[in-house]
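The values are calculated or read from the model by the stated rules, or taken from the named source; none is laboratory data. All figures in this text were calculated on a predicted structure; none of them were measured in a lab. Here the Cβ is made from the backbone with ideal geometry for all residues, glycine too, and neighbour counts use every protein chain on show. Please note that ligands, DNA and RNA were not included when accessible areas were found on the heavy atoms of the full protein model with its side chains. Shrake-Rupley method; radii C 1.70, N 1.55, O 1.52, S 1.80 Å.
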Amino acid sequence: MRIRSVVAILVFVIASGALITAQGGTVRFVPAQPRMVRLLEPWQPQGRGDTKIIGNIIDIRQSPVTSAHLQLRDLSTGRVVQEALSGQQGEYEFTVADAGTYVVEMIGAVGQVIALSNAGSLTRFQTMTTSIQVPGRWDTSRDTLIPQRSMTSFFGMSTQNTMTAATLLAAANFNLAPADAGEPVSP
């Protein structure tokens, strides 16, 4: 029995060697093809089911802007896809169905864009964090922007816009008289 097994193995090895020699003397390993997995419904990463854009809105003093009118614009189509109001801490959140490139806009009372977030592209199941800073102080009671007075407006050719003219006008309005300079300190 043992002899038969050894003879069978020997015949198999010789036959394999003859087959390899007949094919050019090389052996090539071909891995099995992997089976494709087909899902019954779209796959979602565990614990993260939505595509979201979250952020906050602040004014020039770093104070949160509450109840601001916001809209989410899809930059690939140019259309506004959602609208919302900011929360008590200036926070906002948009949930979108499709991946794309979006920007959040703060809208004024007559529909003008006051401020923008950074634009960003996201794929499905991602969350993008944005921030909007209003270019001035936001008056919540009147729902208006109070622009910051630029110090560069004092510099120019007109005497009405100079810092000296503004100081003299304030002194005249408050009836301030110049003080006696006294004796000069330097020789």
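Residues in the range 87-102 that are open to solvent by less than 90 Å² (accessible area, probe 1.4 Å) and assigned to a loop (DSSP other than H, G, I, E, B): 4 in all. Considered as a group, the residues in the range 103-119 that are in contact (Cβ under 8 Å) with a residue 24 or more places away in the chain and in a strand (DSSP E or B) include one that is surrounded by the most Cβ atoms within 10 Å (Cβ to Cβ), and that residue is Val104.
Please determine whether any residue of the range 2-22 is at pLDDT below 70, open to solvent by 90 Å² or more (accessible area, probe 1.4 Å) and either assigned to a loop (DSSP other than H, G, I, E, B) or of a type in the set (Ser, Thr, Tyr) (or both). Yes: one or more hits. Looking across the range 66-86, the residues that are more than 14 Å from the chain's Cα centre (by Cα) and either closer than 13 Å to Ser131 by Cα or assigned to a loop (DSSP other than H, G, I, E, B) (or both) come down to Thr66, Ser67, Ala68, Leu70, Ser76, Thr77, Gly78, Ser86.
If you go through the range 67-82 and keep only what is open to solvent by 30 Å² or more (accessible area, probe 1.4 Å) and out of contact with any Phe, Trp or Tyr (no Cβ under 6 Å at 6 or more places or on another chain), you end up with Ser67, His69, Arg73, Leu75, Ser76, Thr77, Gly78, Arg79, Val80, Val81.
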